[in-house]
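One structure is given below, encoded as structure tokens.
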Amino acid sequence: MDRIGRADTHVHTEYSGFSGLGVLRFPESVTKPEEQVDRARLNKLDVLCITDHDQTAGAFIAQKYASKFNDIEVVIGEEITTKDGEIIGLWLTEKIPRGLSVEETVDIIREQGGITIAPHPFSFHVPGLKEKIFDIDLDGFEVLNGGHPDKYSNHLAQIIMNKYPKQWAPIAGSDGHSTFTVGYSWTEFEGNTAEDLRKAILNKTTVPKGRTTPVLSEVQWSIEVVLGGQKLMYQSLRGKLPHVEDHSLVDTINEQTDLKKATGIVGGFLYLFPPVSFIATLASTTYLKHCAKQMLKDIQNRIEEIDKILEKRGKARTHRS
């Protein structure tokens, strides 16, 4: 098979709801599912996996929209919040509830005929599964997550993948929450269909490509979600933000008091004041760089502990057989 396909296995839309940073609350994304499909086509992707947080509604909308084109397929996915960290299920048929153990979640993914991917497994600033990935039935994990510019998370994932090749499929996903933050990382595979991607993941023949998202694109995303959130809060204040089924972002805004909505709008204008958004991004980047530098000092000890875990798992498997 000569054709090499390109897939983004980790993309979000406005159906990903809200996130929080301390007392701050902000939309994860304000990008419509159709917009992510259009951007994926511009980026020459063959397969797009929509993986909203604890929701599949946006993925079904994107899949229906993509069906009118002959150059892209959409896979129904979900980034599921478990008690142990986040896991992505692909080729799902319905939404999987949040808050279960990762083992229970994997069982439900399998019951739907799905595939399991660990996003950002060794992240220190979002909920990755960490060493738990070695205890579950996992098809692949991200060695390149576009939203992790730190020098630790992707680095450790790639080291483990290199040391134990063919045990998991190596995956690169943008983790894009905006059209500004997709297109910088992707997974290559033989063929060009969703079924070809599925076979490549199961056969552990995927190839991660690209790089992490540039800081400027992350700034554009942050400005976009602030502006989008302000618009939604203003519409809600005027009573003109209708309920949308399975759209937790809209529901959360409508449930807020008018005072909170007004405060959010004012706070958003403060963030949009030119230096603030750039200073905030610079501060977060500096913080990640500092944390990664500290963690890199102990990375060899962590690798040795992982080696022990995998050695013990291999012995147990041999004993059972």
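The values are calculated or read from the model by the stated rules, or taken from the named source; none is laboratory data. The shown structure was predicted, so the numbers you read here are calculated from the model rather than taken from an experiment. Ideal geometry is used to build each Cβ from the backbone, glycine not excepted, and the neighbour counts take in all protein chains shown.
Looking at the stretch 283-296, which of the residues that are exposed (fewer than 13 other Cβ atoms within 10 Å of the Cβ) and not polar (S, T, N, Q) is modelled with the lowest pLDDT?
Selected residue: 283.
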Take residue 212 and decide whether it is buried (at least 17 other Cβ atoms within 10 Å of the Cβ), polar (S, T, N, Q) and more than 24 Å from residue 56 (Cα to Cα).
yes
Index of the failed condition, residue 229 passing every other in (1) within 28 Å of residue 280 (Cα to Cα); (2) touching a residue at least 40 places away in the same chain (Cβ under 8 Å); (3) surrounded by fewer than 17 Cβ atoms within 10 Å (Cβ to Cβ)
(3)
Please indicate, with yes or no, whether at least one residue in the stretch 29-48 is free of Cβ contacts under 8 Å to residues at least 40 places away in the same chain, aliphatic (A, V, I, L, M) and in a strand (DSSP E or B).
no
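Each row is one residue, and each column tells you yes or no for (1) among the polar types (S, T, N, Q); (2) over 25 Å from the mean Cα position of the chain (by Cα).
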residue	(1), (2)
276	no, yes
281	yes, no
291	no, no
297	no, yes
305	no, yes
Yes or no: the stretch 179-193 includes at least one residue that is closer than 19 Å to residue 18 by Cα, under 16 Å from the mean Cα position of the chain (by Cα) and crowded, with 23+ Cβ neighbours inside 10 Å.
yes
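Does residue 270 satisfy the criteria of being over 20 Å from residue 31 (Cβ atoms), among the aliphatic types (A, V, I, L, M) and either in contact (Cβ under 8 Å) with a residue 12 or more places away in the chain or in a helix (DSSP H, G or I) (or both)?
So residue 270 passes the test.
Given 29, 67, 16, which one is over 12 Å from the mean Cα position of the chain (by Cα) and among the small types (Gly, Ala, Ser)? Reasoning before the result, please.
Values: 29 fails: over 12 Å from the mean Cα position of the chain (by Cα); 16 fails: over 12 Å from the mean Cα position of the chain (by Cα).
Checking each option against the conditions leaves just 67.
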How many residues does the stretch 263-294 contain that are β-branched (Val, Ile, Thr) and either farther than 17 Å from residue 218 by Cα or touching an Asp or Glu at 6+ places or on another chain (Cβ under 9 Å) (or both)?
5
When you go through (1) under 14 Å from the mean Cα position of the chain (by Cα); (2) modelled with pLDDT of 95 or more; (3) over 20 Å from residue 185 (Cβ atoms) one by one for residue 83, which number turns out not to apply?
(1)
On the given criteria, is residue 192 in a loop (DSSP other than H, G, I, E, B) and either touching a residue at least 12 places away in the same chain (Cβ under 8 Å) or of a type in the set (Phe, Trp, Tyr) (or both)?
yes
Of the residues 179, 206, 193, only one is closer than 29 Å to residue 302 by Cα, in the same structural domain as residue 44 (by TED's automatic domain parsing) and β-branched (Val, Ile, Thr); which?
206
